[in-house]
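The values are calculated or read from the model by the stated rules, or taken from the named source; none is laboratory data. Given the structure is predicted, the values throughout are model-derived calculations rather than measurements. Glycine gets a Cβ as well: all are built from the backbone with ideal geometry, and neighbour counts include every protein chain shown.
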4 protein chains.
Amino acid sequence: MVEQAPEARFELPIRVYIEDTDAGGIVFHAKYLHYMERARTEWVRSCGVGLRAGLADNISYVVQRLDIHYAVAARLDDELLVTAEPVAFGRVWMDFRQRVLRAADRKVLSDSNVRVACVALDTGRPRRLPENMQELLARNVQPIETINRTSQE
Amino acid sequence: MVEQAPEARFELPIRVYIEDTDAGGIVFHAKYLHYMERARTEWVRSCGVGLRAGLADNISYVVQRLDIHYAVAARLDDELLVTAEPVAFGRVWMDFRQRVLRAADRKVLSDSNVRVACVALDTGRPRRLPENMQELLARNVQPIETINRTSQE
Amino acid sequence: MVEQAPEARFELPIRVYIEDTDAGGIVFHAKYLHYMERARTEWVRSCGVGLRAGLADNISYVVQRLDIHYAVAARLDDELLVTAEPVAFGRVWMDFRQRVLRAADRKVLSDSNVRVACVALDTGRPRRLPENMQELLARNVQPIETINRTSQE
Amino acid sequence: MVEQAPEARFELPIRVYIEDTDAGGIVFHAKYLHYMERARTEWVRSCGVGLRAGLADNISYVVQRLDIHYAVAARLDDELLVTAEPVAFGRVWMDFRQRVLRAADRKVLSDSNVRVACVALDTGRPRRLPENMQELLARNVQPIETINRTSQE
């Protein structure tokens, strides 16, 4: 039932600190969303694009929906690896598959699908992904998936 | 596109503070999971059961999976209403439908399904829901749904 | 050694949730700063002034310095009372004495002094407190303290 | 008024993520306490001692008091350096001087003194610092300061 993950193209190492844990002795479930947001940010940065630099240009990114399955709890002092793999994108959104792994044995602690939408910072309305982000996604997402999913937009 | 919600049996009022917001000017998406956890806790408490009192008896509750759709962003100073409606349960789990509403106009800001599992605090292994929690769920969940979903366990 | 507090003019009730605790079984120490910020906000709101409404007028408030002494740890499910007593103010700042009490026995869990500065939202530079805030402070701070402390500015 | 810091013996690099910021566009003031806690943890780890490994031996560490001065606000995407310098210790406590710097120009964003106490995890009562921690502190704290401050205990 506990799954091990193959190496992903992008994995952000994250250490679990006391601030992340709760009185149940494990990482508080909402914290995984923080970890995944950091990994998306660092993936984009690693590709030479500033995800948040856009705030100055009235561009913001918001999570539109996500699902997450928690398999094994992360604990204090654990070293985690958080993946961020773009799997599809449309004119105003991008979908990521993201896993949180325990670095020591690559056990999958959580598995998630996240849709991030590009919005205007002032109005909150959807807006077209910036050129450089579209190019980045086009280089990293399998063409076939893009075609299938774009129709959902 | 923006939906208004009818009155739910349980609604926890929550105020948005500066700590909940981010530089995008809206509530950080992971915060909704905090709000929902508070609402589940207060629903159980309102029924006379201490959700977390169980820690002393080696009982803990963990989120096993959830999906959430974010429709409209909550903002600083907003007054929210967070629902927590049990919709199904099995021997070791309970499912909730949870919405975050803006109190002023009852607009649905987010809609979510959350499965919470009962585990042993020390081992993290699934364990049977305590009697009083089972009775509470039996009184609050439509029987037909329980029957259908229990088979998923 | 453990002190009990007399009734303060303003006390915000706050419940401790699992999100506030850490693997040490107590409330994470930084969370008290959240509680105190909520209490300052609600004190101002209770006086009919919107502390954060100012964001639209390029006014923001930032904590400039604080000291805090932690006497007794808050725990899961505790009901707290958080005070926010303005004790002095100058042209651009206001000082608060703030305590976190356990509601059940009014034990003082933490005691703190917080200086909040008024700044321009865009530049972050200090700016004069708005009229309505100055009036509010003048009505609530003992004149003698104001005089003494203003010279620190 | 804005100060630059010389190189410290221990500096933890920390990136500011969207989760750390608030609607004022800056890092929420309580987050600095998280950053400092991470730096203390990593300093201890870098010395070969597991700060939190103690939980299994009924040892926990709690912040007993702190003061912090915020000089310049950290912002989204900033790279920070967080110092953790032990400056004194007693039988049951250790004092740290901690600064948060902006990596780009070593500007001091905040300056803080933090007292951490060693407590029994179950009772919360003060207990003697473990041997390896005492040795670590003895090697890193100037003797003269230790002598002076121990008398405060």
Legend entry - Subset of the stretch B:64-86 [touching a strand residue (DSSP E or B) at 6+ places or on another chain (Cβ under 6 Å) and of a type in the set (A, V, I, L, M)]: B:L66, B:I68, B:A71, B:V72, B:A74, B:L76, B:L80, B:L81, B:V82, B:A84
Inset, instruction - Specify the residue that is nearest to D:N58 (Cα to Cα); the eligible residues are those in the stretch D:133-153 that are of a type outside the set (G, A, S) and modelled with pLDDT of 90 or more. - result: D:M133
Legend entry - Yes/no for B:Y61 being closer than 25 Å to B:D22 by Cβ and of a type in the set (S, T, Y): no
Legend entry - Index of the failed condition, D:M133 passing every other in (1) assigned to a helix (DSSP H, G or I); (2) over 17 Å from the mean Cα position of the chain (by Cα): (2)
Inset, instruction - Answer with yes or no whether D:I59 is within 13 Å of chain C (Cβ to nearest Cβ) and touching a Cys at 6+ places or on another chain (Cβ under 9 Å). - result: yes
Inset, instruction - Only one of these is over 18 Å from C:E11 (Cα atoms), over 10 Å from the mean Cα position of the chain (by Cα) and modelled with pLDDT of 95 or more: C:V87, C:V62. Name it. - result: C:V62
Inset, instruction - Could you tell me which residue of the stretch A:112-130 is surrounded by the fewest Cβ atoms within 10 Å (Cβ to Cβ), considering only residues that are under 16 Å from the mean Cα position of the chain (by Cα) and either away from chain B (no Cβ under 14 Å) or free of Cβ contacts under 8 Å to residues at least 60 places away in the same chain (or both)? - result: A:N113
Legend entry - Whichever residue in the stretch B:6-53 is within 14 Å of chain D (Cβ to nearest Cβ) and aromatic (F, W, Y) and, among such residues, is farthest from A:V119 (Cα to Cα): B:Y17
Inset, instruction - State whether one or more residues within the stretch A:115-123 are in a helix (DSSP H, G or I), modelled with pLDDT under 95 and not small (G, A, S). - result: no
Inset, instruction - Search the stretch D:72-94 for residues that are within 21 Å of D:V119 (Cα to Cα) and pair each with any residue that is of a type in the set (D, E) and in a strand (DSSP E or B) when their beta-carbon atoms are under 6 Å apart and the residues are at least 6 apart or on different chains. - result: D:V87/D:D95; D:A88/D:D95
Inset, instruction - May I ask you to verify whether C:A138 is over 30 Å from B:V49 (Cα atoms), among the small types (G, A, S) and surrounded by fewer than 16 Cβ atoms within 10 Å (Cβ to Cβ)? - result: yes
Legend entry - Sole exception among (1) in contact with a Phe, Trp or Tyr (Cβ under 6 Å, 6 or more places away or on another chain); (2) modelled with pLDDT under 95 for B:I14, by number: (2)
Inset, instruction - Return a yes/no flag: does the stretch B:82-93 have any residue that is within 14 Å of chain C (Cβ to nearest Cβ), β-branched (V, I, T) and touching an Asp or Glu at 6+ places or on another chain (Cβ under 8 Å). - result: yes
